[in-house]
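Let me begin by presenting the structure, written as structure tokens, before commenting on it.
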């Protein structure tokens, strides 16, 4: 059963990368340190940059409000997923577990693919929030019809693994915006 769960997590992560990889940004501008079409951050002090082909921001109209969904991955199998519920445009959104009605979420994952035995591949996921405290924030500084730019930071915990904490700092994004 544990192997099945790992395979499902790997399948979902790879599916997110594939489904979010069909756009290209023409915007040459930048906000923060992210180049056009990418998300950058430091993960425990180590630099991360996503690939443009597998990075996007979607503003989804889900009924009474909109949600912002950011998906970004790199060629090493590492990825960010951030969801802001009740998204209203530019501004700062807290990542906290204090408000159970609106819990914005962020995660960082590392996938190690075993090419000789794909069922032995592993994925570790660090999630935020993991308790009721403010654990970070995401700020949208600019939104146009085709791009969304901003910054973020958060702490996340490997709740299904070794309970380690990762500190995500200096996060910036300059992504192609999709709407649904």
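Since every read-out is calculated from the coordinates, none of them should be taken as a lab result. Please read all numbers here as calculations on a predicted model, not as lab measurements. Using ideal geometry, Cβ is built from the backbone for each residue, glycine included, and neighbour counts are taken over all protein chains shown.
Suppose R0 equals 22 Å; then what is the FRET efficiency for residue 60 and residue 142 from their Cβ-Cβ distance, rounded to the nearest 0.05? E between residue 60 and residue 142, to the nearest 0.05, is 0.70. Most simply put, the range 42-177 has about 100% antiparallel DSSP beta bridges, counting only bridges with both residues inside it. Once the Cα-Cα distance is subtracted from the 0.36 nm per residue extended length, the residue 103 to residue 131 segment shows a gain of 9.0 nm. Tell me, how many Å apart are the Cα centres for the range 41-104 and for the range 110-180? Comparing the Cα centres of the range 41-104 and the range 110-180, I get a distance of 7 Å.
The label-point distance for residue 120 and residue 159, in a model that sets each label 7 Å from Cα toward Cβ, rounds to 3.1 nm. Footprinting exposure proxy ranking of 71, 82, fewest other C-beta atoms within 10 angstrom first, gives 71, 82.
Spacing of the modelled spin labels on residue 90 and residue 170, each 7 Å from Cα toward Cβ, amounts to 2.6 nm. Label sites at residue 178 and residue 35, each approximated as a point 7 angstrom past Cα along Cα to Cβ, lie 2.3 nm apart. Shape class for the range 47-180: oblate, because the ratio a/c of the largest to smallest gyration tensor axis (alpha-carbon atoms, square roots of eigenvalues) is 1.5 or more and b/c is at least a/b.
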